[in-house]
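Have a look at the structure below before the remarks.
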Amino acid sequence: MQPLIDLKTQYLNIEEKVKEEIMKVLDSGQFIMGDTVSQLENYLANYVGVKHCISCSSGTDALVMSLLANGVGPGDAVIVPSFTFIASAEAVSLTGAVPLFIDIDKDDFNISSDKIQILIDAFNDKSVSRHPLPEIALHEDLKLKGIIAVDLFGCPANYYEINKIAKKNNLVVIEDAAQSFGATQNGNKTCSLADIACTSFFPAKPLGCYGDGGAIFCNDDNIADTLRSIRVHGQGVNKYENIRLGLTGRLDTIQAAVLSVKLEIFDNEINERQRVAKYYKELINKNKFKVQKIKSENESVWAQFTLVANTEQERDDIVKKLNENEISTSIYYPIPLHMQKAYQSLGYHSADFEITLDLSKKVFSIPMHPYLKEREIERICKVINDE
Ligand SMILES: *Cc1c(COP(=O)(O)O)cnc(C)c1O
């Protein structure tokens, strides 16, 4: 079976180095934090081009911690796209705040920046006729605190517009870069594009470790201090003084060691991902399937290579055919967030976000990783094009 992501081939290339670095941690006996973690944080902050990197336990925890550090909690609301992984909205709910869903752009699948101001105005006027709102926003005076923009499938969202609208409305922008670490916008790396950014080192992400992990990036010294405190149960100057509530949010030292090895090959892997994406785009019959559009200012890291069929039936047929030909596929995402059972109580309707609903029926993702060979790409495309 042609896998969606090939972590095995990657491991065979770095096996010795990874074992060596893990052994060093085992020999040192330092399993929590320590130099391995701080060196990784310095490296990542430099790589991205921001002042602070706070490594943490997962991408989801990165989002929760970022929201907490910005004072988001019960009685607040945060704008989140309806077409993303559940964690983008779940983090908001876990703080006690309410997600306000918004539709996405039909071409690049990221938050529709032209609808943000409309949503803000509708929210302020409690007017569902102007933009769908959760029921609770009509009955309670929630306070809008921020926007979570997601860099879907590795492609940065439209930060120029998002940051501009956020500034005007005094909102914090959180970049959910869980899928886009290493990508760029106008030459700037993701995780540097908003007030605060979160990424994930879940194994299947472009930069993955061998377990759960994540990181938060920001330039603000106070927010960085708050995040470091939240990471360890809201600690003050010493461990048993707690000045706020937090969580067990640290990145394991062993995972930091794994990441330090993976970073050595990461830039080369990004180039290889771009090679694969370029060849796919050359070969795929655009009359049959649309490809996620990457605007000229962006370079995606292609966490997923996602196609859009003309109809739901065509999508289901091609997925079946690819699987029959031993080619893995996946559907990101089959159920829009506003239609998830977990969010039933918000009272949204399926047609509230048209593009999200439409794409959830037509998208499918095909194998994408740095180790795909030309002839494998050619075979996948032959099946897709029905040649
Ligand atoms: C994977 C992912 C997350 C969560 O990351 P974890 O490390 O799995 O907690 C958040 N947002 C998006 C968009 C993701 O793809």
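Derivation of every value follows stated rules applied to the coordinates shown; laboratory data play no part. In this text, all values refer to a predicted model and were calculated from it rather than measured experimentally. Positions of Cβ are backbone-derived with ideal geometry, glycine not excepted, and every protein chain shown enters the neighbour counts.
Overview of results
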{"item": "For q = 0.11, 0.14, 0.17, 0.23 Å⁻¹, Debye-computed log10 I/I(0) when each Cα of segment 52-120 counts as one equal scatterer", "result": "-0.29, -0.46, -0.66, -1.02"}
{"item": "Dipole of segment 184-328 [Lys/Arg +1, Asp/Glu -1 at C-beta], most positive-end residue of A256, A309, T190", "result": "A309"}
{"item": "For the chain, with +1 on Lys and Arg beta carbons and -1 on Asp and Glu, the positive-most of A157, S58, I147 along the dipole", "result": "A157"}
{"item": "Peptides 262-269, 179-186, 368-375, 232-239 ordered by average Cβ neighbours within 10 Å, highest first", "result": "179-186, 368-375, 262-269, 232-239"}
{"item": "Centre separation in Å (Cα based) which lies between segment 201-279 and segment 282-305", "result": "28 Å"}
{"item": "Ordering of 284-290, 335-341 by packing [mean C-beta count within 10 Å, highest first]", "result": "335-341, 284-290"}
{"item": "P(r), alpha carbons of segment 300-357 - 5 Å bins starting at zero, rounded %", "result": "4, 15, 19, 20, 17, 14, 9, 2, 0"}
{"item": "Amide proton proximity set for I196, modelled H, under 5 Å, gap of 5+", "result": "V173, E175"}
{"item": "Computed [θ] at 222 nm, helices only, for the chain once each DSSP H run of length n ≥ 4 contributes -39500 (n - 2.57)", "result": "-12500 deg cm²/dmol"}
{"item": "Cα pair distances of segment 1-125 binned at 5 Å [whole percent]", "result": "2, 9, 11, 12, 15, 16, 13, 9, 7, 4, 2, 1, 0"}
{"item": "Rg(Cα) / (2.2 N^0.38 Å) computed for the chain, rounded to two decimals", "result": "0.99"}
{"item": "Net lengthening on full extension, E314/S350 (0.36 nm per residue, minus Cα-Cα)", "result": "10.8 nm"}
{"item": "Label-point separation in nm, N385 to N323, each point 7 Å along Cα→Cβ", "result": "2.6 nm"}
{"item": "Dipole axis of the chain (+1 Lys, Arg; -1 Asp, Glu on Cβ), positive-most option in I86, G73, N110", "result": "N110"}
{"item": "Given charges at beta-carbon only (K, R positive; D, E negative), |dipole| of the chain in Debye", "result": "200 debye"}
{"item": "Segment N268-I243, extension gain: residue separation times 0.36 nm, minus the distance between their alpha carbons", "result": "4.7 nm"}
{"item": "Whether segment 100-146 is rounded, prolate or oblate, judged on the alpha carbon gyration tensor where a/c under 1.5 counts as rounded", "result": "prolate"}
{"item": "Calculated diffusion of segment 60-181, Stokes-Einstein form, Kirkwood radius summed over Cα pairs, 25 °C and 0.890 mPa s, µm²/s", "result": "173 µm²/s"}
{"item": "Ranked packing of 64-77, 198-211, most packed first, by mean Cβ within 10 Å", "result": "198-211, 64-77"}
{"item": "Alpha-carbon centroids, segment 91-160 and segment 1-54: separation in whole Å", "result": "35 Å"}
{"item": "Estimated D of segment 213-344 in µm² per second, where Rh is the Kirkwood radius over Cα pairs and Stokes-Einstein applies at 25 °C, 0.890 mPa s", "result": "125 µm²/s"}
{"item": "Mean Cα-pair separation over length for segment 19-120, i.e. relative contact order, pairs under 8 Å, 6 or more apart, %", "result": "18 percent"}
{"item": "Cβ charges +1 (Lys, Arg) and -1 (Asp, Glu), total dipole of segment 229-372, debye", "result": "160 debye"}
